[in-house]
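The values are calculated or read from the model by the stated rules, or taken from the named source; none is laboratory data. These numbers were taken from a predicted model, which means no experiment stands behind them. Counting neighbours? That spans all protein chains shown, and the Cβs are built from the backbone with ideal geometry, glycine included.
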C-alpha cells in the first residue's frame with residue numbers, strides 16, 4: 001500500500017452543496033476501492049497562474065489517502081470525466097505505509113481540539129487595568145541628519 005496526495009481544481013462558481021457532494025463522491029471512490037482516506041482539505045478560491053478552460057480562478061481541494069494503484073486509476077478516471085474539475089495532479093508521498101501510524105494520524109486529525117484553560121478569576125481585571133496604563137511609545141519629534149539639505 002502506498003500513500004498519495006491528489007490536488008484538484010474545481011470550478012470557482014460551484015455552491016457549497018456542490019463542493020460537498022464533490023468531496024463526498026471522490027472520498028467514496030477512494031474508500032470504495034479499499035483505500036484509506038486520511039484527510040480532505042479545502043484550500044479555497046485562488047487565482048490560477050494561467051487560464052484553464054477560460055477560467056482565471058479555481059477552488060483548490062487536497063485529498064490525502066493510502067491505497068494501491070487501482071485506487072489512483074479509478075480516482076483519476078472519474079476526475080477526467082467530471083466537467084466540474086478544471087485540473088488535477090496526483091503525487092506519490094510514500095512507497096510504503098505503516099497502517100498503525102496512519103490510523104493514529106487520522107485519529108489525531110479527527111480528535112477534538114485541546115480545550116483552553118480559562119484564565120484565573122482576577123486575570124481579566126489585571127489585563128484590563130494593565131492595558132489602560134500602557135501607552136504606546138511614540139516619538140514627539142523626528143530629526144533627520146545627513147543628506148543634501150542638512
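Results, tabulated for the structure shown:
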| read-out | value |
| --- | --- |
| Matching helices (runs of 4 or more DSSP H) fully within the stretch 58-150 where at least 1 residues are modelled with pLDDT of 70 or more | 69-81, 99-110 |
| Any hit, the stretch 27-48, residues being in contact with a helix residue (DSSP H, G or I) (Cβ under 6 Å, 6 or more places away or on another chain), free of Cβ contacts under 8 Å to residues at least 40 places away in the same chain, over 14 Å from residue 3 (Cβ atoms) and not in a loop (DSSP other than H, G, I, E, B) | yes |
